[in-house]
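The values are calculated or read from the model by the stated rules, or taken from the named source; none is laboratory data. Not measured: the values here are computed from a predicted model. When we count neighbours, we look across all protein chains shown, and the Cβ atoms used for this are built from the backbone with ideal geometry, even at glycine. Calculation scope for accessible area: heavy atoms of the full protein, side chains included, ligands and nucleic acids excluded. Shrake-Rupley method; radii C 1.70, N 1.55, O 1.52, S 1.80 Å.
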Amino acid sequence: MAARNSLVIRNVRILDPVAGRDEIGDLAIVDGRFSDPPSAATRNLPQLDARGLAAAPGLIDMHVHLREPGQTEKEDIASGTQAAARGGFTTIVAMPNTVPVLDSVAAVEDLRERCRQTAAVRVLPCPALTLGQQGRDLTDFKALKDAGAVALSEDGKSLADPCLMRQAMLEARACGLPIVDHCEDPALAGIGVMHEGAVSHRLGLPGKPRSSEDLMVARDIVLAAETGCAIHLQHLSSGLAVALLEWASRQGLPVSGEATPHHLLLTDQQVARSGSNAKMNPPLREAEDREALCRAVESGTIEAIATDHAPHTLQDKEKPFDRAPAGVIGLETALGLCLQELHWRRGMPLLSVLSRFTSGPRRILGLEQGTLAVGEAADLILFDPEEGWTVDPETMVSKARNTPFAGFACRGRIKMTMLAGECVFRNPSINIR
């Protein structure tokens, strides 16, 4: 009798950033876990000849908005996690800005139960730092960790009060949770709706200066140095913010950072072309900022690429730019876009690109996932690193269509996604015998 959730994948390019492994070989999955190399004991298992394809650990996205509960007209756990599976993500971290806010043990337990019922991939909770994300009273960090929290965040807000942020860092360090940090000074950001620069002036739109990000990054690095709390800087967009992260890394401070595909590929010029589908927070900035981000991803200063998947309805995004919500979707396009830009255009090694989606998030959050090691849960993607395709929002499984990448060329396509040995997405071209 064949073992459950078992498969032998033959003749595949094996890419495991944790092990530094890049070789042609075979992989065996038995009872949902990676097993020793195929042998006589696995010859009766289902077989897949993956010649020409690559296998890598299931991708990890540290920054996803699932919108459930409270905003399911935009996205829900079922549609969001199906989009994740199609994009190669097997583990995603859910941000707390739901309705009600994810700020209590009861809310975390509710999310976990909803995920047990409908999620296609693994969902890890990231509750709020303060009750209701109101920036006044800290949540119960230890209780939230005991309930399954992997990090804490005010998500789309910064904790403006430096005294409260310092206290949050002390308590988070005491219970061993990192703080996932949206860095924006609300006073400097003001009523800005895009990057402050030549494009905002030409379009007549109020802008957000880089300093609104840079000052908060600097403040929280200083507080991390004093408290020893691990902080993770979300969706960096400014060249100076990247330089500050690089400085913190050289000092050995517990500070990490992420970039999004949209900040790596686009500039504020996209606003004139895509309208509100190019509105996000922090905003797209200028060419020198984009270049600084790409260099930091290449060097490893930025260890993680995260989508900040933020679905909105068509009706919301059709509002005038200054009233439309910020945010774009990204789960189904992230790998293809980043392979096109970072690997094929800029020459970044394939293993290094994959590390920003696997071993980087794994280290930052202290996860077991993100490796093909024997004995670990068989979270795996098969992809064709050379196959070209074009982003078409109408073919997406997400409920939302708010992407600035419609019509963009990608190179690198997901063919199959497995979660603990179970196939959660499979392209019809994949033939398991």
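Return P(r) of segment 178-255 (all Cα-Cα pairs; 5 Å bins starting at 0; whole %; ordered from short to long distances).
With a bin width of 5 Å, the distribution comes to 3, 16, 25, 22, 14, 9, 7, 3, 1.
Give me the accessible area per residue for segment 194-291, probe 1.4 Å, as a whole number in Å².
Accessible surface, normalised per residue, equals 34 Å².
Tell me, what is the per residue accessible area of segment 1-100 in Å², probe radius 1.4 Å?
Here the per-residue accessible area is 38 Å².
Dividing the convex hull volume of the Cα atoms of segment 345-433 by its residue count, what figure in Å³ per residue is obtained?
158 Å³
Of all the C-alpha pairs in segment 102-222, what % are more than 26 Å from each other?
Roughly 33 percent, rounded to a whole number.
Would you mind telling me the share, in percent, of accessible area of segment 169-308 contributed by carbon and sulfur at probe 1.4 angstrom?
It is 53 percent, rounded to a whole number.
Label residue 110 and residue 19 with points 7 Å out from Cα along Cα→Cβ: what is the distance between them in nm?
Each label point is offset 7 Å from its Cα along the Cβ direction, giving 4.3 nm.
According to a simple spin-label model (label point 7 Å from Cα along Cα-to-Cβ), what is the distance in nm between residue 160 and residue 118?
3.4 nm
Shape verdict for segment 137-291, please, from the Cα gyration tensor: rounded (a/c under 1.5), prolate (a/b greater than b/c) or oblate.
It comes out prolate by the Cα gyration axes.
Between residue 430 and residue 319, how many nm apart are label points set 7 Å from Cα along the C-beta direction?
3.9 nm
Quick check: from the Cα gyration tensor, does segment 213-335 come out rounded (a/c under 1.5), prolate or oblate?
It comes out prolate by the Cα gyration axes.
Can you give me the % of accessible surface on segment 1-122 that is carbon or sulfur? Probe 1.4 Å, all protein chains present, nothing else counted.
46 percent
Can you give the angle from 0 to 90° between the axis of helix 105-118 and the longest principal axis of the chain, with both taken from C-alpha atoms, to the nearest 10?
Once rounded, one gets 40 degrees.
Averaging over all projection directions, find the projected area of the Cα convex hull of the chain and quote it in nm² with one decimal place.
Mean orientational projected area (the chain, Cα hull): 19.4 nm².
Rounded to the nearest 10 degrees, what's the angle between the helix 287-299 long axis and the longest principal axis of the chain, both from Cα atoms, 0 to 90?
Here the helix axis deviates by roughly 40 degrees.
Using the C-alpha atoms of segment 132-185, what convex hull volume per residue, in cubic angstrom, is computed?
It comes to 74 Å³ per residue, whole-number rounded.
Pairs on different chains or at least eight residues apart, Cα atoms closer than 26 Å: how many lysine pairs in the chain fit?
Step by step, the pairs that qualify in the chain add up to 21.
Between 163, 229, 410, find the one with the highest GNM mean-square fluctuation for the chain; connect C-alpha pairs within less than 10 Å.
163
Let me cross-check residue 208: its accessible surface, 1.4 Å probe, with only protein heavy atoms counted, in Å² to the nearest 10?
20 Å²
If you average the sequence gap of Cα pairs under 8 Å that are 6 or more apart and divide by the length of the chain, what percent do you get for the contact order?
Worked out over the chain, it gives 20 percent.
Over the Cα atoms of segment 1-117, what radius of gyration and what Dmax do you get, in Å?
18.4, 53
Could you tell me whether segment 205-248 comes out rounded, prolate or oblate from its Cα gyration tensor? Rule is a ≥ b ≥ c as square roots of the eigenvalues, rounded for a/c under 1.5, then prolate if a/b exceeds b/c, otherwise oblate.
prolate
Only helical DSSP H runs with n ≥ 4 go in: add -39500 (n - 2.57) per run for the chain, normalise by residue count and round the 222 nm mean residue ellipticity to 500 deg cm²/dmol.
So the helix-based figure for the chain works out to -8500 deg cm²/dmol.
Which residue fluctuates the most in the chain, going by a Gaussian network model with Cα springs under 10 Å, if the choices are 264, 365, 382?
365
Per q in 0.21, 0.24 Å⁻¹, report the Debye log10 I(q)/I(0) for segment 382-433, using one uniform scatterer on each alpha carbon and no solvent.
Those come out to -0.92, -1.05, one per q.
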